[in-house]
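Each reported figure results from applying straightforward, stated rules to the coordinates on display, with no laboratory input. Predicted model, so just to flag it, every value in this text is computed and none were measured. Using ideal geometry, Cβ is built from the backbone for each residue, glycine included, and neighbour counts are taken over all protein chains shown.
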Amino acid sequence: MPERWAQGIFMKKILLTGVAGFIGWKTCEFLLKSGAEVVGLDNLNSYYDVRLKEHRLGLLEKFPGFRFRRIDIEDLGALADLFSADRFEAVINLRPGPGSDTAWKTLLFT
């Protein structure tokens, strides 16, 4: 069932933020295996070991449909450049911040 679902939906170009985090990495891997083209964004901050994030990116770079851009989504100029250069059928934002505590504070208090 998931393979049929993925084949119908994920033959697209997708922008995925937070791609070097655990959830972003696994989401990207699923999308790529489903045939999607993925542009992954991450600022590679030092909240936890950057080497782990780089390792995950190295695994994703083995897929021909993957492209990484080191961009912080708070950099509006960089995002404007990205959206003027690329067209995306979907945007998946997995970058609210590492850890549920940070994510909830970001969602509720900003």
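Compactness check for region 16-75: Cα Rg over 2.2 N^0.38 Å is 1.02.
Protection proxy ranking of 88-95, 16-23, by the mean of other Cβ atoms within 10 Å over each peptide's residues and highest first, is 16-23, 88-95. Put simply, when 56-64, 77-85, 27-35 are sorted by average Cβ atoms within 10 angstrom per residue, most first, you get 27-35, 56-64, 77-85. In this structure, the amide hydrogen of Phe66, modeled 1.01 Å from its nitrogen in the peptide plane, lies closer than 5 angstrom to those of Val38, counting only residues at least 5 positions away or on a different chain.
Phi angles across region 69-80 convert, under the Karplus curve 6.51 cos²θ - 1.76 cosθ + 1.60 with θ = phi - 60°, into 3J(HN,Hα) values of 10, 7, 9, 8, 5, 7, 8, 5, x, 5, 5, 4 Hz, Gly and Pro given as x.
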